Amino acid sequence: MRKLLLVLPLIMLMACNNGKSKNQKILPESSGKINNISVVVDNDQWDGPVGEAIRNTLATYVHGLPQDEPMFSMNQIPPSVFSGFATQNRTVFKVEKNQTPEIKILNDVFARPQKVVLITGNSDADIVKLISDNSDSILNAFKEEEIKEKQRRIKLSLHKNNTIKENLGLTINFPSAYRIAKESDKFYWIRKDISTGTTDLMLYELPFDYIKENDSLVNQVIKMRDSIGKVHIPGPLDGSFMVTDNSYSPFLLKTTINNKPAIETKGIWDVKGAFMSGPFVNYIIKDEKNNRLLVVEGFAFAPSVQKRDYMFELEAIIKSIKID
């Protein structure tokens, strides 16, 4: 009887464990380059209207870059070979025909973490319409996933020796490869050397009523940037400094950072008095609690190379901000 009593709990434990393993899906770790999407679609569809609709959505040009660059790079995979390691890419766009027209945005289907956009339809026309009608949702889903992944990678080696929290009342995660090039009266210029130039961040605060949201908003942002550039961002020659390139119309959007309203501006900067230029992304965050505007900007100098991924890293860093 004593042996039976000892065996019964063991059997019950094994049964519970077996039940748990059946309910849990064990997934491999996802992989893949940042901003690179696996597109699972038939070759014939890829070469026709479906493929054109996919490219028009996923390869839409990134705002604010001096040259046209796609938001995402794509790797087309026929469904017949979409198995094993091929299913483990972090972002997957999958098309299935001869099914009810529907779009699904799914998490962790074949690997973890993973974002899968599944488009089904009875015909190519159904599929094309679904892609076109839901292009913004598709782009946002993939971009959010890639921002999270970039931020996860940044956290693996964080820069920690700074006074930003003490002076500005916020935290911002940027890699240890960056250095604080200038710290002056609550202004920070943070830089990283790259093979062809630098990627840069600026952090500073302004009075809450410094910017008025009216018809002159773009001009106000330009004036603000140029005044800061003149004081804090010198060029390579005496008397030169960073300004906004007026030949390129800035792209302006209302958004949120750290659950606070913000104005996002993308455009091109250049150096007054020198031949230097590049893209920038500027956020003016309304920090009502602390009665201020917090301004954070990322800009890159990388001549003769593509700049999408440099600016994406800066955007991921900026979106890690947590304000006290």
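The values are calculated or read from the model by the stated rules, or taken from the named source; none is laboratory data. Keep in mind the model is a prediction, meaning the values are calculated, not measured. Positions of Cβ are generated from backbone atoms using ideal geometry, with glycine treated the same way; all protein chains shown enter the neighbour counts. When the accessible area is computed, the model is the full protein with side chains, heavy atoms only, and any ligands, DNA or RNA have been set aside. Shrake-Rupley method; radii C 1.70, N 1.55, O 1.52, S 1.80 Å.
Quick look at the numbers
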{"quantity": "Exposed trypsin sites (Lys or Arg not before Pro) absent - longest run of the chain, DSSP non-H/G/I/E/B, at most 16 other C-beta within 10 Å", "calculated": "34-159"}
{"quantity": "Straight-distance crosslink candidates among lysines, where the alpha carbon sits under 17 Å from Lys160 and sequence neighbours closer than 8 are dropped", "calculated": "Lys182, Lys192, Lys322"}
{"quantity": "Phe187 accessible area, 1.4 Å probe, all protein chains in place, Å² to nearest 10", "calculated": "10 Å²"}
{"quantity": "In order through region 261-269: 3J(HN,Hα) via Karplus (6.51 cos²θ - 1.76 cosθ + 1.60), integer Hz, x for Gly, Pro", "calculated": "x, 8, 10, 9, 10, 10, x, 10, 9"}
{"quantity": "Part-to-part distance (alpha-carbon centres) for region 206-274 and region 79-104, which is given in Å", "calculated": "42 Å"}
{"quantity": "Derived scalar couplings ³J(HN,Hα) [region 238-250; Karplus, 6.51 cos²θ - 1.76 cosθ + 1.60; whole Hz; x for Gly, Pro]", "calculated": "4, x, 8, 7, 7, 9, 8, 6, 6, 7, 10, 6, x"}
{"quantity": "Residue-averaged 222 nm ellipticity for the chain, from DSSP H runs of 4+ at -39500 (n - 2.57), nearest 500", "calculated": "-9500 deg cm²/dmol"}
{"quantity": "Amide H partners (placed H, <5 Å) of Val295, local residues excluded", "calculated": "Tyr204, Glu205, Leu206, Ile285"}
{"quantity": "Per residue, in Å², the accessible surface of region 233-283 once ligands and nucleic acids are set aside, probe 1.4 Å", "calculated": "49 Å²"}
{"quantity": "Cross-link reach list, aspartates and glutamates versus Lys230, counting only Cα pairs under 13 Å and skipping chain neighbours closer than eight places", "calculated": "Asp238, Asp270"}
{"quantity": "Of Ile172, Val117, Ile268, farthest towards positive along the dipole that unit charges on Lys, Arg, Asp, Glu beta carbons give the chain", "calculated": "Ile172"}
{"quantity": "Selected from Leu65, Leu106, Leu156, residue furthest toward positive end of dipole (region 54-168; charges at beta carbon)", "calculated": "Leu156"}
{"quantity": "Dipole magnitude of region 157-218, debye to nearest 20 (Cβ charges: Lys/Arg +1, Asp/Glu -1, about Cα centre)", "calculated": "380 debye"}
{"quantity": "Rg/Rh ratio calculated on Cα atoms of region 38-157 (Kirkwood radius)", "calculated": "0.97"}
{"quantity": "Cα shape, region 142-184, gyration tensor, a/c 1.5 rule", "calculated": "prolate"}
{"quantity": "Rounded percent of accessible protein surface that carbon and sulfur make up, the chain, 1.4 Å probe", "calculated": "51 percent"}
{"quantity": "Exceeding the 21 Å Cα-Cα cut-off - candidates Lys115/Lys150; Lys104/Lys129; Lys165/Lys307; Lys260/Lys307", "calculated": "Lys165/Lys307; Lys260/Lys307"}
{"quantity": "For the chain, convex hull volume per residue from C-alpha positions, Å³", "calculated": "213 Å³"}
{"quantity": "Reciprocal of mean inverse Cα separation for region 255-324 (Kirkwood radius, Å)", "calculated": "13.2 Å"}
{"quantity": "Given charges at beta-carbon only (K, R positive; D, E negative), |dipole| of the chain in Debye", "calculated": "1680 debye"}
{"quantity": "Heavy-atom accessible area ranking, 1.4 Å probe, most first, across His232, His63", "calculated": "His63, His232"}
{"quantity": "Amide proton proximity set for Ile194, modelled H, under 5 Å, gap of 5+", "calculated": "Thr199"}
{"quantity": "Computed over region 217-302, Cα set: Rg, Dmax in Å", "calculated": "13.5, 41"}
